[in-house]
Amino acid sequence: FDYSWPLIVVGMAGIINETFDRSIFKWVSPFGLAKNEALLGEYGAAYKLTMILTLFTQAYRMGAEPFFFKSKNDENAPKIYALATKYFALVASIGMLATLLYLDLLKRILIHPKLWQGIGVVPILLLANLCLGLYYNVSIWYRIKDKTKIGLYISLIGAATTIFFNYYWIPKIGYMGCAWATFLCYAVMLILCYRVGQKYYKISYPVANIIWYISLAFGFYLFSLILPPLRLLPKLFIHSCLFLIYLGVLFVVEKENWKKDFKQVI
């Protein structure tokens, strides 16, 4: 019970982080109720476009947590955790870039044209989900070292960040404030969990590699934004070329590292 009760609070804080923005938006936004509900519909539709990465993160978590616990007594456990985090970041970055480059196609398939105004929040929410996935990885230390109370404090800081910045930003910048509050919450939790965790259970995460994967993916997306406006099919072709170039760069630059990593895993 002493181990588990803080995880209940962690779960409740997680619910706040995931749902608080949409719960209070129509009461905090300065417009009338009908307008606020319409804006909330745009935000919810944009949120739907991030579900691919969210589902991947949840599926990864369901598989990774039992694996992490099973490996905790292995002498190579810190290396295994570091490699798992590295390859999560790699695959999640690919998923993020794919979502962003094919956003014009996805929005036509998944949401009504009247709700396309909210698409601008998608990159921010994708980065937030990527931070959340990395947090799941780096938070394993407080579970395997029986330090769940520290995890509780970090989760409460995240929830407080969510609540404060939603109340602060929604009246000023609308649902963009919701997206930025979500990103800031998960980024703060990730950084805190990583820094504190190094004191209790040192893991040499390949931070430079992880930052490089994410930065390169986002750089390709930003480059796609400066291209001249095109019809859907030519745009999809060019974006597909960008995506393949990104995969090619990853393969060429990281090929030797991957060979070494897989040998360590085996």
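The lysine pair tally for region 135-211, using Cα distances under 28 Å and a gap of 8 or more places or different chains, is 6. When Lys and Arg each count +1 and Asp and Glu each count -1, what net charge do the other residues less than 14 Å away from Ile8, Cβ to Cβ, add up to? Here the count lands on +1. Rounded to 0.05, the FRET efficiency of the Ser240 and Phe67 pair, given R0 = 35 Å and the Cβ-Cβ distance, is 0.55. Classify region 171-243 from the C-alpha gyration tensor, please: rounded if a/c falls under 1.5, else prolate or oblate depending on whether a/b exceeds b/c. Taking the square roots of the gyration eigenvalues as a ≥ b ≥ c, region 171-243 is oblate. Charged neighbours of Leu227, selected by a Cβ distance under 13 Å, balance to +1 (K, R count +1; D, E count -1). For Phe164, the solvent-accessible surface with a 1.4 Å probe is about 120 Å², rounded to the nearest 10. Excluding same-chain neighbours fewer than eight residues apart, the lysines reachable from Lys235 by a Cα-Cα span under 25 Å are Lys48, Lys107, Lys114.
When Leu97, Leu40 are compared by accessible area of protein heavy atoms, the largest-first order is Leu40, Leu97, using a 1.4 Å probe. Charge tally for Phe69 (other residues, Cβ to Cβ under 13 Å; Lys, Arg +1; Asp, Glu -1): +2.
Once R0 is set to 25 Å, what does the formula 1/(1 + (r/R0)^6) return for the Cβ-Cβ distance between Tyr167 and Lys35, expressed as a FRET efficiency to the nearest 0.05? Step by step, r from the Cβ atoms, then E = 0.85. Accessible area per residue (1.4 Å probe, heavy atoms of protein chains only) ranks Arg231, Arg22, Arg195, Arg108 as Arg231, Arg195, Arg108, Arg22, with the largest value leading. On the beta carbon distance between Ala208 and Tyr3, with R0 = 35 Å, the FRET formula returns roughly 0.55. Take 60-66, 100-106, 252-258, 82-88 and order them by the average number of nearby Cβ atoms within 10 Å per residue, most first; the result is 82-88, 100-106, 60-66, 252-258.
Accessible area per residue was computed with a 1.4 Å probe on protein heavy atoms; Ser204 scores about 100 Å². Considering helices alone, the calculated mean residue ellipticity of the chain at 222 nm is -28500 deg cm²/dmol, with DSSP H runs of length four and up weighted by -39500 (n - 2.57) and normalised per residue. For Lys86, the aspartates and glutamates whose Cα falls under 16 Å of its own Cα, not counting residues fewer than eight places away in the same chain, are Glu65, Glu254, Glu256, Asp261. Rounded, prolate or oblate: pick one for region 109-266, where a ≥ b ≥ c are the square roots of the eigenvalues of its C-alpha gyration tensor, a/c under 1.5 means rounded, and failing that, prolate if a/b is larger than b/c, else oblate. Cα axes put region 109-266 in the oblate bin. Taking label positions 7 Å along the Cα-Cβ direction at both Met51 and Ile157, the computed distance is 3.3 nm, reported to one decimal.
Classify region 130-196 as rounded, prolate or oblate from the Cα gyration tensor: take a ≥ b ≥ c as the square roots of its eigenvalues, call it rounded if a/c is under 1.5, otherwise prolate when a/b beats b/c and oblate if not. Because a/c hits 1.5 or more and a/b exceeds b/c, region 130-196 counts as prolate. The candidates Trp141, Trp180, arranged from most to least accessible area with a 1.4 Å probe in the full protein assembly, appear as Trp180, Trp141.
The values are calculated or read from the model by the stated rules, or taken from the named source; none is laboratory data. Note that the structure is predicted; figures quoted are calculated from it, not measured. Cβ coordinates were reconstructed from backbone atoms using ideal geometry, including for glycine residues, and neighbour counts include every protein chain displayed. Accessible surface areas use protein heavy atoms only, side chains included; no ligands, DNA or RNA. Shrake-Rupley method; radii C 1.70, N 1.55, O 1.52, S 1.80 Å.
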